[in-house]
Every structure is written in C-alpha cells, then in structure tokens.
Amino acid sequence: MTVEKLNRQRVLHLLDAFARGDLETALSCCTEDVDFLTHAPIDVLPHMVPRHGKAELRELWQTIWSRYSEIRYKAPHILADGDEVATYMHSYFKKRSNGRIVQFDMAVFYTFRGGQVSQIREIIDSYDLVQQVLEREIGPLIMGRRVD
C-alpha cells in the first residue's frame, strides 16, 4: 500500500471515530503536539480558536459534542500526496437543543508526521454556518439594517 493510500485511510479512520463520538480513538490518530486551525468567526463560535496539542483539541471536540447529538459527514473528494491529505466534505451536525440539523461544506487539510496527524487546517463556509447556528438571516445585520 502506498503512503498516500495509507494516509487516506488514516484520515477516514479519524473522521469515522470523531463522527461516532469516540474522541480518544480520534485523538490517538494525532501527534501529541497536533496543531489545529479553522477559519471561522470566533466572535460567534468562540470554541473554534486555534488549538495546540491533544488536550486542547480534546477540549474543542468535547465542546462540539456537548452541543450536537449526532455528527455525520460525506467526503466525496479525498486527495493524498505523500504526508498531506486534502478533503472536501459535507458535514451534518444535529443540535442537542432543538434537533435541527446544521449542514455545511468544508475543506480540511491534514499533514502527517510519523504516521499521525500533526496539523489540521479547516476552511468552512462560515457565512452559511453562522446563519444556521444562530437560526437567523445575518445579511441585514452585516448591512447595518435592523432585524426584528
């Protein structure tokens, strides 16, 4: 098996573990000093600040699971090149508070070191995500119009 195929399988293993809420298995796929960064508005999603190390990543993932009761994903595109894997995913998170589904697309880039994920970079359609999390249209707010 090529390193690309192996790393692709490693990413799928991490994603599957996370999606079923098995955070320790997901974390076991990562280096001790794993570095996480997402491009999301932290004023609305303050838990999405950059994270460094397994303990901080665990805290982030626990916060996510405290807010959502079910997480699913589809990864129609996974590209691997040596120790780097890029995914394009459709994500579905079911809110614990009211059962609504938050769905959004994201690109996630993984870097491996010694067979484990050492870096995770996410790019999320944050405009759409924020509207779904807040359950309101944010366009008028951005344009400075009053929203009732």
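Numbers at a glance
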| quantity | calculated |
| --- | --- |
| Among residues of the stretch 91-115, those that are within 17 Å of Cys29 (Cα to Cα) and either surrounded by 15 or more Cβ atoms within 10 Å (Cβ to Cβ) or touching a Leu at 6+ places or on another chain (Cβ under 6 Å) (or both), counted | 5 |
| Residue identified as surrounded by 13 or more Cβ atoms within 10 Å (Cβ to Cβ), at pLDDT 95 or above, more than 17 Å from Arg20 (Cα to Cα) and aromatic (Phe, Trp, Tyr) among Tyr88, Tyr73 | Tyr88 |
| Residue check for Phe109: touching a residue at least 24 places away in the same chain (Cβ under 8 Å) and touching a helix residue (DSSP H, G or I) at 6+ places or on another chain (Cβ under 8 Å) | no |
| Subset of the stretch 26-58 (residues that are assigned to a helix (DSSP H, G or I) and either more than 23 Å from Ala80 (Cβ to Cβ) or under 16 Å from the mean Cα position of the chain (by Cα) (or both)) | Ala26, Leu27, Pro46, His47, Met48, Lys54, Ala55, Glu56, Leu57, Arg58 |
| For Ser66: the one exception among (1) part of a strand (DSSP E or B); (2) hydroxyl-bearing (Ser, Thr, Tyr); (3) in contact (Cβ under 8 Å) with a residue 24 or more places away in the chain | (1) |
| Residues satisfying the stated conditions in the stretch 30-44, i.e. more than 30 Å from Gln9 (Cβ to Cβ) and not β-branched (Val, Ile, Thr) | Pro41, Asp43 |
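The values are calculated or read from the model by the stated rules, or taken from the named source; none is laboratory data. Model, not experiment: these values are computed from the prediction. Note: ideal-geometry Cβ built from the backbone for every residue, glycine included; neighbour counts use all protein chains shown.
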